[in-house]
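The values are calculated or read from the model by the stated rules, or taken from the named source; none is laboratory data. Keep in mind it's a predicted model, so treat the numbers as computed, not measured. Here the Cβ positions follow ideal geometry from the backbone for every residue, glycine too, while neighbour counts run over all protein chains shown.
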Amino acid sequence: MTIRSVIAGCGGFLPAQVLTNDELAARFRLDTSDEWIRERSGITRRHLAGPGDSATSMGAEAARRALAQAGIGPEEVDAVIVATATPDSAFPSTAVHIQAALGITRGFGFDLSAACTGFIYALSVADSLIRAGQARCALVIGTEVYSRILDWTDRGTCVLFGDGAGAVVLRAEDSGADPRGILSCHLHADGRQAGILHVEGTTGPLRMAGREVFKHAVTKLAAVVDEALAANGLAKSDVQWLVPHQANIRIIEAMGKKLGLPPERVVVTVDRHANTSAASVPLALAEAVADGRIRRGDLVLLEAIGGGLTWGAALARF
């Protein structure tokens, strides 16, 4: 018997406050425009956390929606793993706060930090725990409040990010003759590049050398995608959907072309969500599952790159 981690449900949450490019420029008196931001990033608007929103509250709501889609109650969850670079406190972890908010009284929970690659890292850890028999049902959550660590006078960074949360429910299943679930995860990091995308101290602001990040993103994501396909004996043509980290439309389009996928097979939310860091992949995944694009049997490739530098990819059969 081979145990695999099946994605049983997905959920996302975006705060109510929406800020368009023009509204952002006016509010913070930035020397920028809607045209400038769209041309360089593909972003038209983003959601920003309000006074009642936090990494915990947003992550908990995304998790509730994922559990509801999976038809699973909190009593079945025995692991909560949260990817965040913007926790509500140093400790206790955001994960245990979410555990309490959802009424989960068993198992364990913890946070991990890998910036924008955080969800891929968290997915890999949860998958490993399930394969090892240490968990049967895990919540994997990415939740971020980047609006609280941005320099709102820096047009090169503040226009790129937004807030939100996404979650998936992983459940242990015997793969049998129908091999669904996480096929493999591939993680990388290179601390020598830490300076090109980082947060100063523990509270910000975020600093980024955009051109350097772009250069590394294209080459490193291409390599890790090839690695994931080769590890599973698959070809690019086997992939039905690409769910990439939503950082920049140019990077997303480049990865879609590398895989030979038509634009309609690449899930894009960066135009409406901006870069929500560890929340971006699960938010995009939740949207594509909810609207019926991603269906049972589809092979889905997830990939991301973030500060560290960190990068990674995961292949999943739905």
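The figures follow:
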quantity: Test result for Gly308, among the small types (Gly, Ala, Ser), without any contact (Cβ under 8 Å) to a residue 12 or more places away in the chain and part of a loop (DSSP other than H, G, I, E, B); calculated: no
quantity: Arg40 vs. criteria at pLDDT below 95 and over 17 Å from Leu150 (Cα atoms); calculated: yes
quantity: Residues satisfying the stated conditions in the range 277-305, i.e. assigned to a helix (DSSP H, G or I) and either surrounded by 24 or more Cβ atoms within 10 Å (Cβ to Cβ) or among the hydroxyl-bearing types (Ser, Thr, Tyr) (or both); calculated: Ser277, Ala278, Ala279, Ser280, Val281, Pro282, Leu283, Ala284, Leu285, Ala286, Val289
quantity: Residues of the range 221-276 that turn out to be on the phi > 0 side of the Ramachandran plot and surrounded by 14 or more Cβ atoms within 10 Å (Cβ to Cβ), as a count; calculated: 1
quantity: In the range 80-93, residue surrounded by the fewest Cβ atoms within 10 Å (Cβ to Cβ) [restricted to those that are touching a helix residue (DSSP H, G or I) at 6+ places or on another chain (Cβ under 6 Å) and more than 21 Å from Thr310 (Cα to Cα)]; calculated: Asp88
quantity: Among the residues listed as Ser237, Ser277, the single one being without any contact (Cβ under 8 Å) to a residue 40 or more places away in the chain and polar (S, T, N, Q); calculated: Ser237
quantity: Scope the range 277-301; condition at negative phi and under 9 Å from the mean Cα position of the chain (by Cα); matching residues; calculated: Ala278, Ala279, Ser280, Val281, Pro282, Leu283, Ala284, Leu285
quantity: Residue check, Arg4 part of a helix (DSSP H, G or I), at pLDDT below 95 and more than 17 Å from Ala284 (Cα to Cα); calculated: no
quantity: Subset of the range 237-276 (residues that are farther than 19 Å from Tyr146 by Cα and in a loop (DSSP other than H, G, I, E, B)); calculated: Val239, Gln240, Gly260, Leu261, Pro262, Val267, Val268
quantity: Qualifying residue in the range 217-236 (condition: part of a loop (DSSP other than H, G, I, E, B) and within 17 Å of Thr157 (Cα to Cα)); calculated: no
quantity: Residues of the range 24-44 classified as within 25 Å of the chain's Cα centre (by Cα) and part of a loop (DSSP other than H, G, I, E, B), total; calculated: 3
